[in-house]
Amino acid sequence: MCGRFTLTVDPAELQDTFRETLGETIFPKKFAPRFNIAPSQPVLAIPNDGANTADFFIWGLIPMWAKDPSIGNRLINARGETVAEKPSFRGSFKYKRCLILADGFYEWKAVPGRKIKTPYFIHMKDRKPFAFAGLWDSWESPDGSSLKTCTIITTEPNELMATIHNRMPVILPPRDYAKWLDASPQTPEDLLPLLKPYPADAMSAHPVSTLVNKPENDSPELVVPA
């Protein structure tokens, strides 16, 4: 699964990175660097709603048909192998996809003989931001307010991630952004080929402090090699 990630770059740098493939997408002018983004918190995403605007969504998908919003706590990830079939995800997979912006993520490695798992920080070797394949939806509460939520799709690990964990988030290469953000309905045959492990040779990982285990910890020291 993917349960924590980071977005620490300056908004201007983020916009410059994605301008080549996304054109003049509108990004927030300011947002605080985040070193420990956790489920139920806001994440920056670009939905396929035709507005070309990055906006903040709550991490944990609440399908539009849900009666209880707490379902979002269980839907922070969607398995790529079953995303087209599961009732909670198949509607968004067909109609409502998004890019979830990040510049790193965490995963925990089990160590034989130790009860506490070792956290690892994983990022691109060039340290540039990237995009997870995500799904989104808009949920209407009984009081009439709406809540935009999202989930991150996961897949089998690449060679690097296989040494740490048995899953990894789907990281889309820039050439697939336009297809993923196409506002028209898509079939599983169109999209499932995109849900594959990112090339391991472009990525790097190192162990970090267990401070990252607590969501309230959110500072640059979390990504420093342990």
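Observations, loosely collected:
- Couplings 3J(HN,Hα) of the range 25-31, computed from phi: 5, 7, 10, x, 6, 9, 7 Hz, in residue order, whole Hz [Karplus 6.51 cos²θ - 1.76 cosθ + 1.60, θ = phi - 60°; x for Gly and Pro].
- With Cα atoms, 0 to 90° folded angle of helix 11-22 axis to the chain main axis: 60
- Nonlocal amide H pairs with Thr154, under 5 Å, H built at 1.01 Å: Ala78, Arg79, Gly80, Val170
- Exposure proxy for Ser219, Ser209: other Cβ atoms within 10 Å of each Cβ, ordered fewest to most, give Ser219, Ser209.
- Its Cα gyration tensor gives the range 45-145 an equivalent ellipsoid; the semi-axes, largest first and in whole Å, are 28, 19, 13.
- Close amide H pairs (under 5 Å, H built 1.01 Å from N) link Cys98 with Gly134, Leu135, Trp136, residues at least 5 positions away or on another chain.
- Per-residue [θ]222 nm for the chain (sum of -39500 (n - 2.57) over DSSP H runs n ≥ 4, rounded to 500): -2500 deg cm²/dmol
- Judged by the mean number of other Cβ atoms found within 10 Å, the most tightly packed of the peptides 35-45, 148-158, 183-193 leads the ranking 148-158, 35-45, 183-193.
- Close amide H partners of Arg34, meaning residues 5 or more places away or on another chain with modelled amide H under 5 Å apart, are Leu7, Thr8.
- Taking only the Cα atoms of the range 144-226, the ratio Rg/Rh comes out at 1.06, with Rh defined as the Kirkwood radius.
- Couplings 3J(HN,Hα) for the range 160-166, derived from phi with the Karplus relation 6.51 cos²θ - 1.76 cosθ + 1.60 (θ = phi - 60°), are 5, 5, 4, 7, 10, 7, 9 Hz, where x marks Gly and Pro.
- Ser92, Ser138, Ser145 arranged by Cβ crowding within 10 Å, fewest neighbours leading: Ser145, Ser138, Ser92
- Mean Cβ neighbour count within 10 Å, used as a protection proxy, ranking 53-60, 78-85 highest first: 53-60, 78-85
- Net charge, Pro207 excluded, C-beta distance under 14 Å - Lys, Arg +1, Asp, Glu -1: +1
- Taking every alpha-carbon pair under 8 Å whose residues sit at least 6 apart, the chain reaches a relative contact order of 23 percent.
- Charged neighbours of Asp103, selected by a Cβ distance under 10 Å, balance to +2 (K, R count +1; D, E count -1).
- Fully extended contour minus Cα-Cα distance, from Arg175 to Lys67, at 0.36 nm per residue: 35.2 nm
- Karplus-derived 3J(HN,Hα), 6.51/-1.76/1.60, for each residue of the range 172-189, Hz, glycine and proline x: 8, x, x, 5, 9, 4, 4, 5, 5, 9, 4, 6, 7, x, 10, 9, x, 4
- Kirkwood-based shape ratio for the range 59-107, expressed as Rg/Rh from alpha carbons: 0.98
Read the figures in this text as sums done on the coordinates, not as results from a lab. As the structure is a prediction and not an experimental result, all values here were calculated from the model. Glycine gets a Cβ as well: all are built from the backbone with ideal geometry, and neighbour counts include every protein chain shown.
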